[in-house]
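Visitor: Before I ask anything, here is the structure I am working with.
The values are calculated or read from the model by the stated rules, or taken from the named source; none is laboratory data. Keep in mind it's a predicted model, so treat the numbers as computed, not measured. Quick reminder, even Gly has a Cβ in these numbers, built from the backbone with ideal geometry, and neighbours come from all protein chains shown.
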């Protein structure tokens, strides 16, 4: 019998598997991934990894593999303007380091992240089965029977769903969600520019939504460009000249001429929060448990926090001789993560509603608020510690750089 069966071979599923095998090598851990073999190697996107998450990745032995490709975010600036404004005044700047001289976040190419996790999984004896997915399961007193899409059955002590925001396993478990469609889409691409970014990330609050530029290696930046869905679809369908012209209007000329060097894709944006994170012999993690707006860059990092909490819950229960799939054990994970996830979901929802509009009185009030924060070092320090994920005394040990 498999000890932990993980459905989903993305960042969250793989990091959970590696975390479990690092802390408890005797556990039999299997990952089943419905994606075709090698598809992850075609991912041109990059992700923001906060300080707490990079400490967790260091604990499980993969950060050294990732570090050469990681670009530290040394400075973050926030502006609030219309697209047509010739000047975008800076209302808020973060330049503090999170802890022990470490930047509060790094930008990491997704290929480097997944590649390092897959290498670590193989080295620790994690079984990865590609091009197959779970289509249903039935929980019993001592195990969960999982049926794969081609009819094969697997038996495990615990099933963890890391199968994305439209999780079929979450639906099969009967777990309800709170959902809201923002009517926005996030366009993601990478640009190359003439001048160096010096590790600076920028978030421009524009009427249609935030336009974020995030630093990468070799004079490149990753873009997360929020637009109303109809406009996003129009931009994706436009030729390169029109797309780059619209992009330049938002990006500006501070880094010289820019050129799109990766494919452009758009993702619908919404809020999805699972009402429960666990059921008997079943747990949700990552986007299967929560999907939030990218306005704060915390989506993937919420998943890494899930990993740290769930791995610690499972490993400590196993050391005590407890049933790792029992609801009594899994409730600890749920109590650890549900409130933090709900709080972040509400925060991003409020921020998006507050800033994604062209209401002049509201703009004046929010810019006044940003200016106050910028003038209070202690408040800025609090916000950056929250953003880096290092705040809080009761967080899982791996997020503080400690082994389970």
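Visitor: For the stretch 34-53, does any single residue satisfy the condition of being surrounded by fewer than 17 Cβ atoms within 10 Å (Cβ to Cβ), more than 20 Å from the chain's Cα centre (by Cα), touching a residue at least 40 places away in the same chain (Cβ under 8 Å) and under 29 Å from residue 283 (Cβ atoms)?
Guide: Yes, the conditions are met somewhere in the stretch 34-53.
Visitor: How many residues does the stretch 235-251 contain that are exposed (fewer than 13 other Cβ atoms within 10 Å of the Cβ) and part of a loop (DSSP other than H, G, I, E, B)?
Guide: 1
Visitor: Hey, residue 356 hits all of (1) within 25 Å of the chain's Cα centre (by Cα); (2) touching a residue at least 24 places away in the same chain (Cβ under 8 Å); (3) under 25 Å from residue 51 (Cβ atoms) but one; which does it fall short on?
Guide: (3)
Visitor: Could you count how many residues in the stretch 32-82 are in contact with a strand residue (DSSP E or B) (Cβ under 6 Å, 6 or more places away or on another chain), closer than 30 Å to residue 362 by Cβ and not in a strand (DSSP E or B)?
Guide: Residues flagged as in contact with a strand residue (DSSP E or B) (Cβ under 6 Å, 6 or more places away or on another chain), closer than 30 Å to residue 362 by Cβ and not in a strand (DSSP E or B) within the stretch 32-82 amount to 1.
Visitor: Can you tell me how many residues in the stretch 83-109 are outside any strand (DSSP E or B), surrounded by 18 or more Cβ atoms within 10 Å (Cβ to Cβ) and either more than 24 Å from the chain's Cα centre (by Cα) or modelled with pLDDT of 85 or more (or both)?
Guide: Number of matching residues: 3.
Visitor: On the basis of being out of contact with any strand residue (DSSP E or B) (no Cβ under 7 Å at 6 or more places or on another chain), part of a helix (DSSP H, G or I) and over 21 Å from residue 284 (Cα atoms), does residue 339 make the cut?
Guide: no
Visitor: Next question, about the same structure. Test residue 315 against the stated conditions and say whether it is in a helix (DSSP H, G or I), out of contact with any strand residue (DSSP E or B) (no Cβ under 6 Å at 6 or more places or on another chain) and over 29 Å from residue 180 (Cβ atoms).
Guide: Yes.
Visitor: What's the number of the only condition in (1) under 30 Å from residue 240 (Cβ atoms); (2) surrounded by fewer than 22 Cβ atoms within 10 Å (Cβ to Cβ) that residue 316 fails to meet?
Guide: The one condition residue 316 does not meet is (1).
Visitor: Also: Regarding the stretch 206-220, can at least one residue be identified that is surrounded by fewer than 21 Cβ atoms within 10 Å (Cβ to Cβ), on the phi < 0 side of the Ramachandran plot and either over 21 Å from the mean Cα position of the chain (by Cα) or assigned to a helix (DSSP H, G or I) (or both)?
Guide: Yes, the stretch 206-220 contains at least one residue that is surrounded by fewer than 21 Cβ atoms within 10 Å (Cβ to Cβ), on the phi < 0 side of the Ramachandran plot and either over 21 Å from the mean Cα position of the chain (by Cα) or assigned to a helix (DSSP H, G or I) (or both).
Conditions (1) at pLDDT 80 or above; (2) on the phi < 0 side of the Ramachandran plot; (3) in contact with a strand residue (DSSP E or B) (Cβ under 6 Å, 6 or more places away or on another chain), marked per residue:
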site: 348; (1), (2), (3): yes, yes, no
site: 356; (1), (2), (3): yes, yes, yes
site: 370; (1), (2), (3): no, yes, yes
site: 388; (1), (2), (3): yes, yes, yes
site: 396; (1), (2), (3): yes, yes, no
site: 401; (1), (2), (3): yes, no, no
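Visitor: Right, something else. Output the number of residues of the stretch 59-73 satisfying the condition of being touching a residue at least 60 places away in the same chain (Cβ under 8 Å) and over 16 Å from residue 46 (Cβ atoms).
Guide: Number of matching residues: 2.
Visitor: Can you find a residue that is in contact (Cβ under 8 Å) with a residue 60 or more places away in the chain, in a strand (DSSP E or B) and either in contact with a helix residue (DSSP H, G or I) (Cβ under 9 Å, 6 or more places away or on another chain) or buried (at least 20 other Cβ atoms within 10 Å of the Cβ) (or both) anywhere in the stretch 291-299?
Guide: yes
Visitor: Next question, about the same structure. Considering only residues that are outside any loop (DSSP other than H, G, I, E, B) and in contact with a strand residue (DSSP E or B) (Cβ under 9 Å, 6 or more places away or on another chain), look in the stretch 19-28 and name the one that is farthest from residue 164 (Cα to Cα).
Guide: 21
Visitor: Further, regarding this structure: Taking the stretch 384-400 only, how many residues are out of contact with any helix residue (DSSP H, G or I) (no Cβ under 7 Å at 6 or more places or on another chain) and either assigned to a helix (DSSP H, G or I) or crowded, with 16+ Cβ neighbours inside 10 Å (or both)?
Guide: Selection size over the stretch 384-400: 5.
Visitor: Okay, moving on. Test residue 372 against the criterion of being free of Cβ contacts under 8 Å to residues at least 12 places away in the same chain, more than 13 Å from residue 80 (Cα to Cα) and assigned to a helix (DSSP H, G or I), and give yes or no.
Guide: So residue 372 fits the description; yes.
Visitor: Pick from 284, 302, 269: which is at pLDDT 95 or above and under 14 Å from residue 342 (Cα atoms)?
Guide: After ruling out the rest, the residue left standing is 302.
Visitor: When you scan the stretch 51-63, do you find a residue that is on the phi > 0 side of the Ramachandran plot and at pLDDT 95 or above, even just one?
Guide: yes
Visitor: Same structure again: Is it true that residue 276 is in a loop (DSSP other than H, G, I, E, B), in contact (Cβ under 8 Å) with a residue 40 or more places away in the chain and more than 28 Å from residue 219 (Cα to Cα)?
Guide: So residue 276 fits the description; yes.
Visitor: Now for a separate question. Quick one: would you say residue 160 is within 30 Å of residue 23 (Cα to Cα) and under 18 Å from the mean Cα position of the chain (by Cα)?
Guide: Considered against the rule, which asks whether it is within 30 Å of residue 23 (Cα to Cα) and under 18 Å from the mean Cα position of the chain (by Cα), residue 160 comes out as yes.
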